[in-house]
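Nothing in this text is a laboratory measurement; each read-out follows from the coordinates by a stated rule. For clarity, every value in this text was computed on a predicted model and none was experimentally measured. Quick reminder, even Gly has a Cβ in these numbers, built from the backbone with ideal geometry, and neighbours come from all protein chains shown.
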């Protein structure tokens, strides 16, 4: 449960019983764009969602991007990357640290690095490297493939490369190649055994490394990744191991190589107090190592800078109770205070913020093409030839002439529903009476839910009525491919329609994907004071209905799996352009996975499958099960599907128009 924020739980404009028309401004408040959008998102008067990548007044209507992508043959599901926003985040992070250093009179510099693991895609890393050129913004690698990317991305020693993660001999040799080329590559020791390997390989190659030590701080983390530190943390050295590492470096004559002290308090840290305490403890370690005669020079505060996914500005795990500016000030101030009190020179500050840099620049667009709902049968009741008593009892509850209370009627309806199922299972109730009983039960639930909207306090059992009655909106995407963190970690993402926001959303819904898995759904949504079990959406019509899932640029692109062999989705990269009519242009369009691509990824060969299918069709032709020409058409149809995308090809009826 979140702490109570400054804003009310539900805007008064949504509670009002007045007959005033719905407006785009009410939708903007309902979906919380101003709270979690950081000034980048808004709704225009015609009900379309707009994005301002640079918050400078220039905006892009997101549906215009979708229309242009459709013209290129790229349908939803679609990832849209706003590359200007990505550059903006890199610049913003560096500028807030530069400002904090200036305001606090700090003697060191800021040396940020982007952790490639958060989004390794070439188009993302390229943009970050280019945007960070004026700030000497570097890269962090946690594996050999990531290190190979980092080594090749830029030359010279102006930018840092931080090497984290488990390291074999090849990993260490790769880092030393970078040192040989004059790069500022720092090997961060995560396990004590790595020191011996680094010392030995350094002697073999004749290359002196730059070394950092990662500590297991006792400061307790917070949020989903609270166990990233402490005695049971996966990475880092305890205090005794840090001293052993120092002794080994001295004995090997590599005392001058120890330059950095590192810690990581966890990803998406929601509480600024946790960050402050960790920085204080780590800086004490740094000062002690400096006084022991090691040259040092860098303190690496790791990642943890959060994203306010729900806009509540609380220490709830999907939020953060601080700003990027406050984060930078607190890091700089606390390092400065500890170093000055210990009479130690202030180090350059390194941070490894990934989520905060890349999450806002990317969004997922999905199309709703069907709904599963209980309301279809409300008001439409099967009339059995011989109506059983359990059905008549439910009809009495529906009419409620006795004026029973809501909770009592709900309990009675549940009891009658259970009685109905028991009678059916024992063979005493036919199918028509069971159908009639179910329909009346849901009519009672609908009646109770409507009555509850007029009342204040809701008993806990009646709270779930809206969830029970919510429609399921079927969307053409895979949670496991595009939103793995929602399934695996219950991460909340902001979700909203991208159009029709000048219409009142009247349907409570959850979102389900097209995978054959009951977990393939989104049934938790952001709310100001808690987590909602449904989202308010518009009734479907014959036109396309698009939803935007925002802040998906961190981890989701790279961690998705191939559940049901649904591959990567279509993707476009958007840049602002004043000379274009709609204020933007698509620089690059990437087509999503074809069926042939994903089946070859699981060791099937397209040619082999087609050959086997041809043999079966030929055999069917010989048995006169199909005619020869028909067999040729069947094989052509099978082979042509190999080149199609893995997601559904939604074909609208002629009534369907552009979603305007």
Between residue 400 and residue 604, how many nm apart are label points set 7 Å from Cα along the C-beta direction?
5.3 nm
A correct fewest-to-most ranking of 319, 27 by other Cβ atoms within 10 Å would be 27, 319
0 to 90° range, to nearest 10: angle between helix 324-341 axis and the chain longest Cα axis
30 degrees
Average projected area of the Cα convex hull of segment 106-353, in nm²?
12.5 nm²
Translational diffusion of segment 41-165, µm² s⁻¹ [Kirkwood Rh, Cα pairs; Stokes-Einstein; 37 °C; 0.692 mPa s]
194 µm²/s
Stretched out fully, how many nm does the piece from residue 152 to residue 455 gain, at 0.36 nm a residue minus the Cα gap?
102.7 nm
Could you tell me the largest-minus-smallest coordinate of the C-alpha atoms of segment 79-152 on each of the three principal axes, in descending order and whole angstroms?
39, 29, 18
Can you pull the one-decimal nm distance between simple spin-label points at residue 632 and residue 251, each 7 Å off the Cα toward Cβ?
8.0 nm
Quote the relative contact order of segment 106-353 in percent (integer), defining contacts as alpha-carbon pairs under 8 Å separated by 6+ residues.
19 percent
How would segment 116-263 be classified by its alpha-carbon gyration tensor: rounded, prolate or oblate, with rounded meaning a/c under 1.5 and the a/b versus b/c comparison settling the rest?
oblate
Rounded tilt (10° steps) of 144-153 against the dominant C-alpha axis of the chain:
70 degrees
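What does the C-alpha gyration tensor say about the overall shape of segment 392-484? Classify as rounded when a/c is under 1.5, otherwise prolate if a/b is larger than b/c, or oblate.
Oblate.
When the helices in the chain are scored as -39500 (n - 2.57) per DSSP H run of 4 or longer and the sum is shared across all residues, what 222 nm value do you end up with, to the nearest 500 deg cm²/dmol? Mind showing how you got there, number by number?
On the way: 24 runs with 260 residues, N = 660.
The helix-only estimate for the chain comes to -12000 deg cm²/dmol at 222 nm.
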Taking the beta-carbon count within 10 Å as an exposure proxy, list 532, 454 from fewest neighbours to most.
454, 532
How much length is gained on full extension from residue 516 to residue 587, taking 0.36 nm per residue of separation minus their Cα-Cα distance?
22.1 nm
Just the C-alpha atoms of segment 597-641: what Rg/Rh do they give, with Rh taken as the Kirkwood radius?
1.07
For segment 233-327, rounded, prolate or oblate, judged on the Cα gyration tensor with a ≥ b ≥ c (square roots of eigenvalues), a/c < 1.5 rounded, else prolate if a/b > b/c?
prolate
Could you line up 580, 346 from fewest to most neighbouring Cβ atoms inside 10 Å?
580, 346
Output the 0 to 90 degree angle, nearest 10, between the alpha-carbon long axis of helix 193-205 and the longest principal axis computed from the alpha carbons of the chain.
60 degrees
